[in-house]
Structures are given as structure tokens and as C-alpha cells.
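Notes follow the structure.
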Amino acid sequence: VNIENLLRRAIERGEIYLNYQPQVHLKSGKIVGAEALIRWNSKEIGMVYPNKFIPIAENTDMIIPIGKWVLEEACKNLSLWREKYNKDITIAVNISPVQFKKSDMYKTIKETLQKYALPGHCLEIEITEGVLIDNIYDIQKQLKSIRDLGVKIAMDDFGTGYSSLSYLRRFNFDKVKIDREFVQDYPEKEDGTLAEIIINLSHSLKLKVIAEGVETEEQLQFMSQNSCDEVQGYFYSPPVSKEEFEKMIEKGI
Ligand code: G
Ligand code: G
Ligand code: MN
Ligand code: NA
């Protein structure tokens, strides 16, 4: 079987869906939102994870329709949840560099927010440093107009790519996501120094910071002691179906 051909038909066959991983505000212990994570359950080849199919989608430009579907599905559910539970929930959506380079993300985001009558501030987009590597001027412009919609911009996987620091100054981010590499091995193989530095750096630049990959009580305590704003990780919950996430919103966690 050719995975590319299967992927081409995955959306129309209803094989693509989203999971949601809660993001928790550390001081209050409350769920403030979730990261939407794409899943593909193929009738022919079973579960395929994004690390495998996103690169294929990027190389074939299929990421454009797939990315649009993800944004639309996330916004549709977000609007339902905000009404149903009357809570100011936010959803974070991963956007591939290819989507910025080969489509008008400002237009897509603006139209999708309008369609579901959502205020910009409840949507967050996660981008990696990859998006900032070439054609910086154009990306800077796109991100600025997206941010003018009120949409929040988070730098994903922070600390693992190339430069980071000058990008933080040059682009207007709202939030930094500490990569789980700096979190999940604490305290055995990682002493937390880098996580602490990233938290302090982010706060110095007036950015919010969220730690990914928080799996244990000890890691949670560490983040709390170091004034990290939010956490995401298996300690609270793995990525779950929309039904399960709804139950968590209902219960408060
Ligand atoms: O959930 P999981 O660990 O399988 O995700 C693996 C990677 O896939 C993560 O780095 C995540 O950023 C990426 N990913 C998940 N969902 C999406 C999506 O909707 N769009 C893009 N571009 N990447 C995604
Ligand atoms: O790269 P990105 O941050 O966008 O993707 C997040 C990925 O991390 C998701 O695929 C999710 O399944 C995974 N993940 C989330 N929480 C944890 C965790 O606590 N531990 C580990 N090992 N992986 C996690
Ligand atoms: Mn992410
Ligand atoms: Na990450």
C-alpha cells in the first residue's frame, strides 16, 4: 500500500480526528484549555501517528487541506464547549511551516473564527522554529496580522531547534512551550536547570510559559516552585477523545 494515496482520501473517509490534551493553570489547578493533536486511524493500515504522516503531508502539500480541517474541527468544538459550559476555554492548534509558506493562514484563521463566532483570544497557534527559518519578513507580517485578530502565538518545542533567542525578540510571541526533553527526565537524568532558565527567560520577556511532558508529582512541584504558568502532560492526562475532554471540562479536571 502507498501511504500517500491512503492519506489523500483519509479526510473524506472520516479517518482523521482530533485528540485533546488538557493544559492546566498551575496556581489554580484548573483546566484552561487543550492542545489539539491530529490522529489518523486508517481502515487499511490502522493507527498512523503524526510523526509519520505529517512529514508526508508536508512534502505533498496535503498539509494545506489537512491543516484547514484541523483548524475547522478545533474551532467547531471550541465554540460548542464555550457555549455549553460557559467557560473561557482555549484551544491550541499546531500549524506547520508549510501552511505559512504555501497558504494564507491569516485568511484561513480569520474566516474560521468568523464562521464559529469565536473571539481571537481563545485560539492559540503553535509554531516551531522551522517556520522562522526562511522568508522571515513575510512570516513576520503574517504572524503580526494573525496576532492582531487577538489570536495567541506559542513557540512550540522551545529549546530544541536552532537559534531561539533572537526569534523571541523579533517575533511577537505570547507563550513559550518548554519542550518535554527538559521536563520528563527530571530529576533522574535532568536537573531542571534548563527548564528554570527557560521559565525565567520567558518571564523576563513578558511571555507566558507552559511545560510539556509533566508526568510526575515531583515534576509538577518543580514547575510550581519555579513559577511556570501552565503544565501539560501525562500527570494530568494524555491526549484524549473529544468526549473524554468534555467530561474533564465538566468536572473541572
Ligand atoms: O500527539 P503526538 O505526540 O503524536 O504528536 C506528535 C507531533 O505531531 C507533535 O510534534 C505535534 O506537534 C505534531 N502534530 C500533532 N497534531 C498536529 C497537527 O494538527 N498539525 C501539525 N502540523 N502537527 C501536528
Ligand atoms: O511536539 P508537540 O508538543 O506538539 O506534541 C506533543 C506530543 O507530546 C503529543 O504527541 C503528546 O502525545 C506527547 N506528550 C504529551 N504529554 C506527554 C508526556 O507527559 N510525556 C510524554 N512522553 N509525551 C507526552
Ligand atoms: Mn505542539
Ligand atoms: Na513539543
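The values are calculated or read from the model by the stated rules, or taken from the named source; none is laboratory data. These numbers were taken from a predicted model, which means no experiment stands behind them. Note that we place each Cβ from the backbone using ideal geometry, even for glycine, and neighbour counts take in every protein chain shown.
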Review point. Which residues, taken from the stretch 37-54, are touching a strand residue (DSSP E or B) at 6+ places or on another chain (Cβ under 7 Å) and touching a residue at least 12 places away in the same chain (Cβ under 8 Å)?
Key: Leu37, Ile38, Arg39, Trp40, Asn41, Ser42, Val48, Pro50, Phe53
**Study point:** Test result for Gly159, surrounded by 17 or more Cβ atoms within 10 Å (Cβ to Cβ), at pLDDT below 95 and either farther than 18 Å from Ala34 by Cα or within 16 Å of ligand 2 (Cβ to nearest atom) (or both)
**Key:** yes
Check your understanding: If you go through the stretch 31-54, how many residues are in contact with a helix residue (DSSP H, G or I) (Cβ under 9 Å, 6 or more places away or on another chain) and over 22 Å from Leu78 (Cβ atoms)?
Key -> 7
**Study point:** Residue in the stretch 131-138 that is on the phi < 0 side of the Ramachandran plot and surrounded by 18 or more Cβ atoms within 10 Å (Cβ to Cβ) present
**Key:** yes
Review point. When the stretch 213-229 is examined, which residues are found to be within 15 Å of ligand 3 (Cβ to nearest atom) and crowded, with 22+ Cβ neighbours inside 10 Å?
Key: Val214
Check your understanding: Hey, Asp179 hits all of (1) under 21 Å from His25 (Cβ atoms); (2) out of contact with any Gly (no Cβ under 6 Å at 6 or more places or on another chain) but one; which does it fall short on?
Key -> (2)
Review point. Val1 passes all but one of (1) outside any loop (DSSP other than H, G, I, E, B); (2) modelled with pLDDT under 95; which number fails?
Key: (1)
**Study point:** Thr108, sole failed condition from (1) over 26 Å from Glu212 (Cα atoms); (2) free of Cβ contacts under 8 Å to residues at least 12 places away in the same chain; (3) hydroxyl-bearing (Ser, Thr, Tyr)
**Key:** (2)
Exercise for review: Name, by its number, the condition in (1) more than 16 Å from ligand 4 (Cβ to nearest atom); (2) of a type outside the set (Gly, Ala, Ser); (3) in a loop (DSSP other than H, G, I, E, B) that does not hold for Thr160.
Suggested key: (1)
Check your understanding: Quick one: which of Ala117, Ala57 is part of a helix (DSSP H, G or I), in contact (Cβ under 8 Å) with a residue 24 or more places away in the chain and small (Gly, Ala, Ser)?
Key -> Ala57
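The rows are residues; the columns are (1) touching a residue at least 40 places away in the same chain (Cβ under 8 Å); (2) within 12 Å of ligand 2 (Cβ to nearest atom).
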position: Glu190; (1), (2): no, no
position: Thr216; (1), (2): no, yes
position: Gln219; (1), (2): no, yes
position: Gln232; (1), (2): yes, yes
position: Gly252; (1), (2): yes, no
